[in-house]
Amino acid sequence: MSAWAAKRFWKQASAVGCEGGYTVTLDGRAVKTPAKTRLVVPTLQMSQAIAQEWDAQDGLIKPDTMPVTRAANSALDKVAPQFDAVSVSLAAYGETDLLCYRATGPQELIDRQAQGWDPLLTWSAQSLQAPLLVTAGVVPIPQPEASRRALLDAVRSFDNFRLAAVHDLIAITGSLVLALAVTRARLTGAEAWTLSRIDETWQNEQWGVDDEAAALEAMKREALLAAERFFGLCG
């Protein structure tokens, strides 16, 4: 973390081609990840976005203003060294997917969940070959083995950079199906956010909005949209 606390020392950040893809240089010096890995990304657009984030720094480096840089670092330092383990962990979300666990009442909330989530489960069954079972309440139910395998195959189809984006899409929404729908242009990130927050929206309508909770929700939504953008920058 000490590297992130440093003050700006460069005059210009540049996106440049390099062996294996593209990188970013600070006054000609190549940027490295926190783990000292060479920052080599798959597309010029991604390297340009990273360079813009570095150029926007003024004084102390602020990681929270550099979502593309952080996602690329995660792809290289965290996903790449343990791709199989990360894939299995993310695919496991399909076993307890948000869309499969429904309210037991009131009826308006039950209907709202069905209206929002049922079409996505139909899409999962048809497009991903992964039909999932639905239950009322929070007691876990086993999902079909064939569906679990199909979802794991879908997750494993991503490269390190796309998987880093998918990780955030899943973690923020609580749904592997919603995340995959975003990656396949079935949903926008904003639509996935709204669908993932049906329960919270209902509660807010009944009891009002807490300012602190609303601020946290806004940060999560921004992070989800950043993950969607990063996925798009992968090419």
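Summary table below
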{"item": "26 Å Cα-Cα threshold exceeded, pairs from 36/62; 11/78; 11/36", "result": "11/78"}
{"item": "Vicinal HN-Hα couplings computed from phi for the range 103-120 (Karplus, 6.51 cos²θ - 1.76 cosθ + 1.60; Hz; Gly/Pro x)", "result": "5, 8, x, x, 4, 4, 5, 4, 5, 5, 4, 4, 5, x, 9, 4, x, 6"}
{"item": "Residue order, fewest to most beta carbons within 10 Å, for 66, 46, 219", "result": "219, 66, 46"}
{"item": "Order of 158, 230, 83, 9 under a 10 Å beta carbon neighbour criterion, fewest first", "result": "9, 83, 158, 230"}
{"item": "Bridge type composition, the chain - antiparallel percent by DSSP, nearest 5", "result": "85 percent"}
{"item": "Those trypsin sites (Lys or Arg not before Pro) in the range 139-212 that DSSP places in a loop and that have at most 10 other beta carbons within 10 Å", "result": "none"}
{"item": "Rounded tilt (10° steps) of 211-233 against the dominant C-alpha axis of the chain", "result": "70 degrees"}
{"item": "Net charge, residue 116 excluded, C-beta distance under 14 Å - Lys, Arg +1, Asp, Glu -1", "result": "-3"}
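A short reminder: the numbers here are calculations on the coordinates, not readings from a lab. Predicted model, so just to flag it, every value in this text is computed and none were measured. Please note: Cβ atoms are built from the backbone with ideal geometry, for glycine as well, and neighbour counts cover all protein chains shown.
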